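The next block holds one structure in the form of structure tokens; read it before the comments.
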Amino acid sequence: MNAFPGRHFQVGIAEQNLVGVAAGLAAMGKISFASTFANFMSQRACDQVWMSVAYNNHNVKLVGTYAGLSSAVNGGTHISVQDIAIFRSMPNMIVIDPADCIEFEGALCVCARHYGPVYIRIGRGPMAQIFDKGYCFDIGKAVVMDTGTDATLITTGITTLEGIRACKSLKKKGFQVRHIHMPTIKPVDKEIVIKAAKETGIIFTAENHSRIGGLGGAIAETICAEYPVKVYTLGINDCFGETGRLEWLLERFGISGTQIAGTIEKELKII
């Protein structure tokens, strides 16, 4: 904004207009980025995204901030439990949930070069750093964070850091869990998912989103069609968010590192 003030437009608290302006700029040959809270982008501006961006396959990049539980003390109405499901259902739309600041930067650059609609969701900052500066983001490609054959854990966005913590804890107890970070939820990396299903036999997913229609749904759809195994989905369980600190909310909704590890350990002991 400071470097190129003529390229930045503040439209105020008017998300529908925000998307309409972005679509208009794209229609005139510009690469437009539009950013607002994830729940407002997916709900208040849903019709504009559907009709003006996705339907026309316009070159608009939508950035949903304060995604999921990271909205924290802003209240349950501001917690986007459905944005992935909404945008994943739209034709032409790519859906990305970066794990850290390095991947977010890489995703912005890659998406700027990619023609077509993209939705990128990020948690409330400051973002953690997981990857080194040499990391290269690629649309539709997942990343193996840890190896193992007892089970597979697939995470995205801020749950990837929690997944790293969970796998470290499980390793101390003798469980070897393969951890896959899935930054692109649409299109999902089917090859790596099917390979994990064949080699570990059981899959857990954890996401900062409703269990309905998000990462867990995308993985379950892939597994059901390609190589059926048991899939456990962890996330917000068909309810609205609540007000509280992020750490408390992650615990409450079962997607903190401790909760993820506990769920996996419990299920592996039953098998």
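For this structure, a couple of remarks:
- Out of Ala128, Ala34, Ala107, sole residue that is surrounded by 21 or more Cβ atoms within 10 Å (Cβ to Cβ) and in contact with a helix residue (DSSP H, G or I) (Cβ under 7 Å, 6 or more places away or on another chain): Ala34
- For Tyr115, the requirement of being among the hydroxyl-bearing types (Ser, Thr, Tyr), free of Cβ contacts under 8 Å to residues at least 40 places away in the same chain, out of contact with any strand residue (DSSP E or B) (no Cβ under 8 Å at 6 or more places or on another chain) and over 23 Å from Arg211 (Cα atoms) is not met.
- Some residue of segment 13-30 being touching a helix residue (DSSP H, G or I) at 6+ places or on another chain (Cβ under 7 Å) and closer than 28 Å to Ile130 by Cα: no
- Among the candidates Val21, Val49, residue that is in contact with a strand residue (DSSP E or B) (Cβ under 8 Å, 6 or more places away or on another chain), free of Cβ contacts under 8 Å to residues at least 24 places away in the same chain and not assigned by TED's automatic domain parsing to the domain that holds Ile255: Val21
- Every listed requirement among (1) in a helix (DSSP H, G or I); (2) touching an Asp or Glu at 6+ places or on another chain (Cβ under 9 Å); (3) of a type outside the set (Val, Ile, Thr) is met by Ala34 save one, (1).
- Selected residue (criterion: farthest from the chain's Cα centre (by Cα)) from residues of segment 180-202 that are buried (at least 18 other Cβ atoms within 10 Å of the Cβ) and farther than 21 Å from Ile84 by Cα: Thr200
Yes/no per residue for (1) among the acidic types (Asp, Glu); (2) buried (at least 19 other Cβ atoms within 10 Å of the Cβ); (3) in contact with a Pro (Cβ under 6 Å, 6 or more places away or on another chain); (4) within 21 Å of Phe33 (Cα to Cα):
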position	(1), (2), (3), (4)
Thr77	no, no, no, no
Arg88	no, yes, no, yes
Asp100	yes, yes, no, yes
Tyr115	no, no, no, yes
Arg121	no, yes, no, yes
Val144	no, no, no, no
Thr152	no, yes, no, no
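- Taking the criterion of being in contact with a strand residue (DSSP E or B) (Cβ under 6 Å, 6 or more places away or on another chain), part of a helix (DSSP H, G or I) and of a type in the set (Val, Ile, Thr), the only residue of segment 60-96 that qualifies is Ile84.
- Single residue of segment 12-31 satisfying the filter (hydrophobic (A, V, I, L, M, F, W, C) and over 24 Å from Asn74 (Cβ atoms)) that is surrounded by the fewest Cβ atoms within 10 Å (Cβ to Cβ): Met28
- Checking segment 47-54 against the condition returns a match, with at least one residue being part of a helix (DSSP H, G or I), of a type in the set (S, T, N, Q) and over 27 Å from Leu250 (Cβ atoms).
- Which listed residue is closer than 17 Å to Ile102 by Cα and of a type in the set (Gly, Ala, Ser), from Gly157, Gly148: Gly157
- Residue selection: Gly213 fails the criterion of being outside the structural domain of Gly106 (by TED's automatic domain parsing), under 22 Å from Ala67 (Cα atoms), buried (at least 21 other Cβ atoms within 10 Å of the Cβ) and in contact (Cβ under 8 Å) with a residue 40 or more places away in the chain.
The values are calculated or read from the model by the stated rules, or taken from the named source; none is laboratory data. The structure displayed is predicted, hence computed values, not measured ones. Note that each Cβ is placed from the backbone with ideal geometry, even for glycine, and that neighbours are counted across all protein chains shown.
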